[in-house]
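The values are calculated or read from the model by the stated rules, or taken from the named source; none is laboratory data. Worth saying up front: this structure is predicted, and the values here are computed from it rather than measured. Glycine gets a Cβ as well: all are built from the backbone with ideal geometry, and neighbour counts include every protein chain shown.
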Amino acid sequence: IFGMVSNGWMVQDARWRLAKYSTGETVLFDLQNDPNEQQNLIDSTEHQTVRQQLEMALTQEIMRSLALAHEEKRVYRSDLSQDIGYGREGWQRPYPQPIGTAP
């Protein structure tokens, strides 16, 4: 579950809830063992894997949501060039005349 909370974002699965606020505060709760959310586990070394997983899931969802929210503003929806090598290592921009020569 993803959502906005007051001045922040949260992600929750069956057991864990992570919330990040605009104040910089981040909280992590074990809903199974602490349903009233009284013990913030964000700095607990034994819960860092859970924290990282939830932070990654939250970041991915925020990025996905923002991309969808701005989809209609995108200028290009495909490649900027018909050249299959465009933007790849070794690709050289074609110029109508050699660089540095006057027309």
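When restricted to residues that are surrounded by 13 or more Cβ atoms within 10 Å (Cβ to Cβ), of a type in the set (Asp, Glu) and not in a loop (DSSP other than H, G, I, E, B), the stretch 1-46 contains 1. Selection within the stretch 12-32: residues that are of a type in the set (A, V, I, L, M, F, W, C) and farther than 13 Å from residue 42 by Cα. The member of this set that is farthest from the chain's Cα centre (by Cα) is 31.
Do we find a residue being under 15 Å from the mean Cα position of the chain (by Cα) and modelled with pLDDT of 90 or more anywhere in the stretch 66-73?
Taking every residue of the stretch 66-73 in turn, none turns out to be under 15 Å from the mean Cα position of the chain (by Cα) and modelled with pLDDT of 90 or more.
Does the stretch 23-39 contain any residue that is small (Gly, Ala, Ser) and at pLDDT below 95? Checked against the condition, which is being small (Gly, Ala, Ser) and at pLDDT below 95, the stretch 23-39 yields at least one hit.
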